[in-house]
1. For the chain, modelled as a Gaussian network with Cα springs under 10 Å, which listed residue fluctuates most, 41, 26, 80?
2. Full extension from residue 67 to residue 150: what is 0.36 nm times the residue separation minus their Cα-Cα distance, to one decimal in nm?
3. Counting only C-alpha contacts under 8 Å and six or more residues apart, can you give the relative contact order of the chain as a whole percent?
4. Would you mind telling me which residue in 36, 186, 133 has the biggest mean-square fluctuation in a Gaussian network model of the chain, where springs connect alpha carbons within a distance under 10 angstrom?
5. Return the distance in nm (one decimal) between the two label points of a simple spin-label model at residue 103 and residue 178, each offset 7 Å from Cα along Cα→Cβ.
6. Which order results if 86, 118 are arranged by neighbouring Cβ count within 10 Å, fewest first?
7. Could you tell me whether the range 5-187 comes out rounded, prolate or oblate from its Cα gyration tensor? Rule is a ≥ b ≥ c as square roots of the eigenvalues, rounded for a/c under 1.5, then prolate if a/b exceeds b/c, otherwise oblate.
8. Which of rounded, prolate, oblate describes the range 105-187, given a ≥ b ≥ c as roots of the alpha-carbon gyration tensor eigenvalues and a/c under 1.5 marking rounded, otherwise prolate only if a/b is larger than b/c?
């Protein structure tokens, strides 16, 4: 692990339902750290609606010293493209799960809930070896009715397993409800905080 990771590396999982305010919260938390700032976007450009959503998120980051790195499935490669010691925001793990499922379908691979173990371990290793703080955004999708088809149930199970793996590995987990953050896993030690001089960067 990078020798600076014990001081600067802090992994935070931000979860919640749709439109709960999780992305805005994670971005605001990340922006308390000095630049450079790296935004790893997992959202696929599949239609005009998604293009509009992507554009809206990009507008929110304009002028705030964010570098955007688009990533479909290879999160370790995305982390490798981030400047050293930059704060990293990964938005989001749920779309990453969708991308993994889609890739498996396109390649004719058999994909199960256990198939996410290796990708998660690789992504978390890359995050832990990064010298700056890392924020992961994800969706809590297993609190509604049971889906009526196999593929939807598989997606729910895969997303839920990913959330469990990341919440276990992260130093802090925050759950957003109606825009209100609830810390459900407080950090064992106070997270690294930038100095007043660093905040001005």
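Every read-out reported here was derived from the displayed coordinates using simple, explicitly stated rules and does not represent laboratory data. This structure is a prediction, so every number in the text was calculated from the model and none was measured. Neighbour counts are summed over all protein chains in view; Cβ atoms, including those assigned to glycine, are modelled from backbone coordinates with ideal geometry.
1. 80
2. Numbers: separation 83, 0.36 × 83 = 29.88 nm, distance 3.76 nm.
Answer, rounded to one decimal: 26.1 nm.
3. Answer for the chain is 37 percent.
4. Looking only at 36, 186, 133, the biggest GNM fluctuation is shown by 186.
5. The two pseudo-label positions are separated by 3.9 nm.
6. Details: 86 24, 118 9.
So the ranking, lowest neighbour count to highest, is 118, 86.
7. Working: a/c = 1.36, a/b = 1.36, b/c = 1.00.
Rounded shape, in that the Cα axes give a/c under 1.5.
8. Details: a/c = 2.79, a/b = 1.24, b/c = 2.24.
Note, shape of the range 105-187 comes out oblate.
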